[in-house]
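Visitor: Questions regarding the structure given below will be posed in turn.
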Amino acid sequence: MSSRPDAPVTFGITGASGAPYAVRLLRAFCETGTAVRLIVSGYGLRLLAEESGIDGIDGLRAATGDWSGVELYDALDRGATPASGSAPSRGMVVCPCSMGTLASIAAGTSRNLVERAADVALKERRPLVLVPRETPLSLIHLENMTRLTRAGATILPAAPGFYHRPQTIDDLVDFVVARILDHLDVEHAIGRRWRSGESSRPG
Ligand SMILES: Cc1cc2nc3c(=O)[nH]c(=O)nc-3n(C[C@H](O)[C@H](O)[C@H](O)COP(=O)(O)O)c2cc1C
């Protein structure tokens, strides 16, 4: 089954640095009325606390707005809706995506619901956007990313550009979130789109 634009996006938050990206992305989904199936790993929760001062799922809800379109799933429940290819979906994003989760998706091990849902996105030929944050990268990281790209995923590193002359951390975060939304075909008004002659170059 292929992607359905009116169906929910599956959104995995894992334990890589970059919690502000996850918070902003979830807020953007809420603001644009995009239905979301949300899965947060244990380390995802830890990074939300350490980097964004967010206390658990209640804290995440308070920081991201109207959750009427958000369904929350237990990351350890591999029998939940996102684990099945028969559940219609628009695609999936993992943001931020730890190298551990990225490796597991590349290996198809499906050890938790984030990994299984990503496996489903690949087998159903739906968009799968992975937002890793690691530096430097080992050959293992690079090979896993290559393997995932070959399988149909989009590797979208949390690597904001500077040609739009960001003034704040929010500007940097918005840059990455806008690119994620573009790749999931979610209409949004975040950030300025590059226009020829305005600044240095497109990214
Ligand atoms: C404070 C902190 C920062 C971390 N930053 C990263 C990171 O930037 N990239 C990464 O791949 N892993 C990072 N890790 C390690 C992952 O959290 C760890 O590999 C974890 O097992 C990932 O599990 P998950 O993918 O199920 O969330 C970090 C861990 C902690 C505690």
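Every read-out reported here was derived from the displayed coordinates using simple, explicitly stated rules and does not represent laboratory data. Being a predicted model, the structure only gives us computed values, none of them experimental. Using ideal geometry, Cβ is built from the backbone for each residue, glycine included, and neighbour counts are taken over all protein chains shown.
Visitor: Just to check, using Stokes-Einstein with a Kirkwood Rh over alpha carbon pairs, what's the diffusion coefficient of the chain at 10 °C and 1.306 mPa s in µm²/s?
Guide: Answer, rounded: 94 µm²/s.
Visitor: In region 13-108, if the dipole is taken from +1 on Lys/Arg beta carbons and -1 on Asp/Glu beta carbons about the Cα centre, which of 106, 42, 79 is farthest to the positive end?
Guide: About the Cα centre, the residue reaching furthest to the positive side is 106.
Visitor: Can you pull the semi-axes for region 88-203, root of five times each eigenvalue of the Cα gyration tensor, sorted largest first, whole Å?
Guide: Listed largest to smallest, the semi-axes of region 88-203 are 28, 16, 12 Å.
Visitor: Just how large is the dipole of region 93-203 about the Cα centre, in debye to the nearest 20, putting +1 at every Lys and Arg Cβ and -1 at every Asp and Glu Cβ?
Guide: 260 debye
Visitor: Turning to a different aspect of this structure: Enumerate the residues in region 76-105 having an amide nitrogen under 15 Å from the point lying 7 Å beyond the Cα of residue 57 toward its Cβ.
Guide: 76-82
Visitor: On to the next question. Report, in debye and to the nearest 20, how large the dipole of the chain comes out about its Cα centre when Lys and Arg carry +1 and Asp and Glu carry -1 on their Cβ.
Guide: Around 640 debye, computed over the chain.
Visitor: While we're here: Over region 64-131, one equal point on each Cα, no solvent: what is log10 I(q)/I(0) by the Debye formula at q = 0.15, 0.27, 0.28, 0.29 Å⁻¹?
Guide: -0.46, -1.34, -1.39, -1.44
Visitor: Based on DSSP loop calls and a cut-off of at most 16 other Cβ atoms within 10 Å, the longest stretch of the chain free of exposed chymotrypsin sites (Phe, Trp or Tyr not before Pro) is what?
Guide: On the way: sites that count: 162, 163, 194.
The longest such stretch corresponds to 1-161.
Visitor: Based only on Cα atoms, what mean projected area does the convex hull of region 27-97 have, in nm²?
Guide: The directionally averaged projection comes out at 5.0 nm².
Visitor: Could I have the simple spin-label model distance between residue 146 and residue 66, label points 7 Å from Cα toward Cβ, reported in nm to one decimal?
Guide: Label at residue 146, label at residue 66, 4.7 nm between them.
Visitor: Connecting C-alpha atoms closer than 10 Å in a GNM of the chain, tell me which of 39, 13, 54 has the biggest fluctuation.
Guide: 54
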